[in-house]
Amino acid sequence: MAATSNGNNSEPKHVKMLVIGSGPAGLSAALYGARAQLEPVVLSGQELGGQVSITHIVENYPGFPEGIGGPELTDLFKKQAERFGATVEFDTATEVDFSKRPYRVKSYGGEYLADTVVISTGASPRNLEIPGEKEFTGRGVSYCGTCDGFFFKGKDVIVVGGGDSAMEEGTFLTRFANKVTVVHRRDELRASAILEQRAKDNPKIDFIWDTVVQSINGNGDGTVDSVLLKNVNDGQESEFATDGVFIFIGHLPNTEIFRGQLDMDPAGYLLINRYMETNVPGVYAAGEVADPHFRQVITSAGMGAAAAIQATRFLENEE
Ligand code: NAP
């Protein structure tokens, strides 16, 4: 991880607003915080832009009638926040202390003292936790069609899951793959009607219903060559030949470093009120880290803006 301008071994840097995470929520919070002259500092996390930055095309963010690439949208969000005085550091928060103000946040690159904090650390793909999954990750097992689809030109892949991500990514994968087989544990999809229809209309996509993947198996050269499937109704197992396994079975919130300090639901999502406030005054959460329900670019961006407006008012009331 690159050192920040804050630098290692230096005094903690005091900021009015620290934004942890750089997805649509974080960068929107930074934009609004910057326009309120809070000079926000954004810790980008491992992936600038978060999940949207690895999305091939975003078709449902208003203002882009033809859609816009995830990385391009991230770049525009970042530029707009920077234009008004936000600073984006390629750095990751590692430890927080919300017991007293200013709040202390340690990162790989340094340490911050923050008057207000907006948490927008998002969520990460869930794993199936089956034999072979870890072993073949990056060598046939993937959680991102946009990132890895290209490696499956002319090959057969399976997609696990029945939600919007599975349909969207499965459809995208047909650009490269010879055949995409969706393996879903029920007999109906969770995905929205438009994405479901698009996938069902695609001649390169097949469905296997009521079925789970039991294990991912490889050949001698360390790449995937089959999966073991199990029908959940009759328990029957079968070997299914495939070159790749794309897993889209939901997400887990990135809240490990806040455990014990902020209230969370049983799944680990941060609990907030309608003002984006956590249980700690001056600490807000926005986007998927606090939203297991909508998880859209537009809803996350809206939450980020709301969190920054609220942080601004909080600081004004203190003055
Ligand atoms: P999701 O909606 O939670 O769907 C997860 C899918 O994985 C479900 O079909 C679920 O099956 C299945 N699943 C979960 N655990 C499993 C397991 N252990 N083994 C096998 N299958 C399992 O997740 P998502 O598709 O990532 O979508 C998340 C959110 O982002 C949603 O709100 C979605 O609308 C949104 N999103 C929107 C777009 C878009 O609008 N373009 C694109 C992507 C995502 P069950 O159905 O049986 O529960």
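The values are calculated or read from the model by the stated rules, or taken from the named source; none is laboratory data. In this text, all values refer to a predicted model and were calculated from it rather than measured experimentally. Reconstructed Cβ throughout: ideal geometry from the backbone, glycine too, with neighbour counts over all protein chains shown. Quick note on the areas: whole protein, heavy atoms, side chains included, nothing else; ligands and nucleic acids left out. Shrake-Rupley method; radii C 1.70, N 1.55, O 1.52, S 1.80 Å.
Using 1/(1 + (r/R0)^6) with R0 = 41 angstrom and r between the beta carbons of residue 46 and residue 239, what's the FRET efficiency to the nearest 0.05? Mind showing how you got there, number by number?
On the way: r = 36 Å, r/R0 = 0.88.
The pair residue 46/residue 239 has a calculated efficiency of 0.70.
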- Taking every DSSP beta bridge that has both residues in the chain, what percent is antiparallel when rounded to the nearest 5? 45 percent
- Query: Given H placed 1.01 Å from N in the peptide plane, which residues other than close sequence neighbours of residue 225 have an amide H under 5 Å from its amide H?
  - Reply: 217, 218, 219
- Query: Is any residue of the range 53-96 close enough, with backbone N under 20 Å, to a label point placed 7 angstrom from the Cα of residue 316 along the Cα-Cβ axis, and if so, which?
  - Reply: 84-86
- Task: Once you have the Kirkwood Rh of the range 172-319 from its Cα pairs, apply Stokes-Einstein at 10 °C and 1.306 mPa s and quote D in µm²/s.
- Result: 84 µm²/s
- Full-stretch length increase - residue 66, residue 39 - with 0.36 nm per residue and alpha-carbon distance subtracted: 6.4 nm
- Rounded D (µm²/s) - the range 91-245, Kirkwood Rh over Cα pairs, Stokes-Einstein at 4 °C, 1.567 mPa s: 73 µm²/s
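How big, on average over all directions, is the shadow cast by the Cα convex hull of the range 1-133, in nm²?
10.2 nm²
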- Projected label distance in nm at residue 293 and residue 134, using a 7 Å step from Cα toward the beta-carbon: 3.6 nm
- With no solvent and one equal point scatterer placed on each C-alpha of the chain, evaluate the Debye formula and give log10 I(q)/I(0) for q = 0.07, 0.11, 0.14 Å⁻¹, two decimals. -0.32, -0.73, -1.04
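With every protein chain present, what is the per residue accessible area of the chain (1.4 Å probe, Å²)? Walk me through the numbers before you get to the answer.
Values: 15520 Å² over 319 residues.
In whole numbers, the chain has 49 Å² accessible per residue.
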- Query: Can you flag which of 16/79; 79/204; 155/230; 78/204; 13/134; 153/200 are past 31 Å Cα-Cα?
  - Reply: 79/204; 78/204; 13/134
- Message: Just to confirm the number: angle between the C-alpha axis of helix 297-318 and the first principal axis of the chain, 0 to 90 degrees, nearest 10?
- Response: 20 degrees
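Mind checking the full-extension length gain between residue 175 and residue 80? Use 0.36 nm per residue of separation minus the Cα-Cα distance, one decimal, nm.
The residue 175-residue 80 span can extend by a further 30.9 nm.
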- Please give the FRET efficiency for residue 194 paired with residue 221, using the beta carbon to beta carbon distance and R0 = 41 Å, rounded to the nearest 0.05. 0.55
- Message: In the chain, if the dipole is taken from +1 on Lys/Arg beta carbons and -1 on Asp/Glu beta carbons about the Cα centre, which of 289, 189, 275 is farthest to the positive end?
- Response: 275
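Based on the inverse mean of 1/r over its pairs of different Cα atoms, what is the Kirkwood hydrodynamic radius of the range 80-147, in Å?
15.6 Å
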- Task: Give me the distance in nm between label points sitting 7 Å out from Cα along the Cα-to-Cβ direction at residue 265 and residue 106, one decimal.
- Result: 3.1 nm
- Query: Given a 1.4 Å probe and the protein chains all in place, what does the accessible area of residue 113 round to, in Å² to the nearest 10?
  - Reply: 30 Å²
